[in-house]
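Enquirer: Structure below; questions to follow.
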Amino acid sequence: MTRFNHKTVLVTGAASGMGLAAARRFLDEGARVVMLDIDETSLRQAAAALPQERVLIQVGDTAASETATRAVQAAVARFGAIDVLINNAGIASEGDITQTSEEDFARVMAVNVAGYFHMAKAAMPELVKTRGSIVMTSSVSGLGGDWEMFAYNTSKGAVSNMVRAMALDAAKDGVRVNAVNPSFTRTGMTEEMLKDEELVAKFRERMPLGAPADPEGVAAAMAFLASDDARLITGVNLPVDAGLMASNGQPAQ
């Protein structure tokens, strides 16, 4: 497919996992891709295998507004426009509210919520020009709660409603805003979880299409939501969860 020929896509958290899968997917569909990540070494290694004439790397922490401003300016300077923002960079912190420190809570919110705000605010003027779109990585944890993931759940709940609010406001300018909401997916963030065979088995019981999910499958959903094929879709939180949320929670018979 060539749905993104001559279009520019900015992907955050692009050095690994779903962000890297997204960068590869958009490149495969003809896009020019700006890859932003805080981990310079991993980012450069990931980008080295990609078509250099259509790739630009940017290093920075999305929790800082200047990172967003700089990345958007660099994208426009190199490629002339921004058509799609993939707001994907994120972190997690385990623990209930009594176990979550002020510092951990603040950092999770700074990256997962304020980081998405900074990127969307900086990119929006360019997206208005191209009548582009934003796809955010939320989570099934932004649609329902988990045990002992207080900070992460709070942040993803905010992202899920950020999408709805922004979609309403941006529609007048022709900009669409949606989210993918993955469940247990094979990424760097879930590396330790993947080592726990009992935990993986529990996820397999809850995800009818199998667990863990592959990041390429999530990237495919991102590409759909960003494309003209989804031109009538905005304000949607799309579970990309191998069927997890199809269940009402009762055990299999």
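Enquirer: Can you list the HN-Hα couplings for the stretch 40-46, worked out from phi with the Karplus curve (6.51, -1.76, 1.60; θ = phi - 60°), rounded to whole Hz and with x for Gly and Pro?
Expert: Those phi angles translate into 4, 4, 5, 5, 5, 5, 5 Hz.
Enquirer: Indicate the gyration tensor shape class of the stretch 115-174 (rounded, prolate or oblate), computed on the Cα atoms with a ≥ b ≥ c the square roots of the eigenvalues: a/c under 1.5 is rounded; otherwise a/b larger than b/c is prolate and the rest oblate.
Expert: Working: a/c = 3.45, a/b = 2.45, b/c = 1.41.
Prolate shape, in that a/c is at least 1.5 and a/b is the bigger ratio.
Enquirer: Right, here's the next one. ³J(HN,Hα) across the stretch 246-253 via Karplus (A = 6.51, B = -1.76, C = 1.60, θ = phi - 60°), whole Hz, x for Gly/Pro?
Expert: The phi angles translate into 6, 7, 8, x, 6, x, 5, 8 Hz.
Enquirer: Quick query: amide H of residue 34 versus all other amide H atoms, modeled in the peptide plane; which residues come in under 5 Å with a sequence gap of 5 or more or a different chain?
Expert: Correct list: 9, 10, 11, 56.
Enquirer: When the distances between all Cα atoms of the stretch 3-47 are binned every 10 Å from zero, what whole-number percent does each bin get?
Expert: P(r) over the stretch 3-47, rounded to whole percents: 34, 53, 13, 0.
Enquirer: Output needed for the stretch 51-172: three equivalent-ellipsoid semi-axes, defined as square roots of 5 times the C-alpha gyration tensor eigenvalues, in descending order, whole Å. Each step should come with its number before you reach the end.
Expert: Working: eigenvalues 164, 55, 26 Å².
Largest first, the stretch 51-172 gives 29, 17, 11 Å.
Enquirer: Given only helices, namely DSSP H runs of n ≥ 4 each adding -39500 (n - 2.57), what is the per-residue ellipticity at 222 nm of the chain, to the nearest 500 deg cm²/dmol? It would help to have the intermediate numbers written out before the result.
Expert: Numbers: 9 runs with 107 residues, N = 253.
Calculated from helices alone, the mean residue ellipticity at 222 nm is -13000 deg cm²/dmol.
Enquirer: How big is the gap, in Å, between the Cα center of the stretch 213-253 and the Cα center of the stretch 8-56?
Expert: Each part reduced to its Cα centre gives a spacing of 22 Å.
Enquirer: Now for a separate question. Counting only DSSP beta bridges with both residues in the chain, what percent are antiparallel, rounded to the nearest 5?
Expert: Numbers: 0 of 28 bridges.
Here the share of antiparallel DSSP bridges comes out near 0 percent.
Enquirer: Still on this structure, I have one more. Farthest toward the dipole's positive end in the stretch 61-108, which of 75, 62, 85, given Cβ charges of +1 (Lys, Arg) and -1 (Asp, Glu) about the Cα centre?
Expert: 75
Enquirer: Quick check for me: using +1 on Lys/Arg Cβ and -1 on Asp/Glu Cβ, what's the dipole size of the stretch 1-103 about its Cα centre, in debye to the nearest 20? The partial results should precede the final answer.
Expert: On the way: 9 positive and 13 negative charges, 163 e Å.
Computed charge dipole of the stretch 1-103: roughly 780 debye.
Enquirer: Then there is this: Under 10 Å, Cα contacts only: if you run a Gaussian network model on the chain, which one of 20, 209, 238 comes out with the highest mean-square fluctuation?
Expert: 209
Enquirer: Using Cα pairs under 8 angstrom and six or more residues apart, how large is the relative contact order of the stretch 166-247, in percent?
Expert: Details: 100 pairs, mean separation 37.2, N = 82.
Rounded, it is 45 percent for the stretch 166-247.
Enquirer: Provide the per-residue ³J(HN,Hα) series for the stretch 177-182, in order, calculated from phi with Karplus coefficients 6.51, -1.76, 1.60 and θ = phi - 60°, each as a whole number of Hz, with x at glycine and proline positions.
Expert: Using θ = phi - 60°, the values come out as 9, 9, 9, 9, 10, x Hz.
Here, each number is a calculation from the coordinates, and none is a lab measurement. Computed from a predicted model, the values in this text were never measured in an experiment. Because the Cβ atoms are built from the backbone with ideal geometry, glycine has one as well, and the counts that use them run over all protein chains shown.
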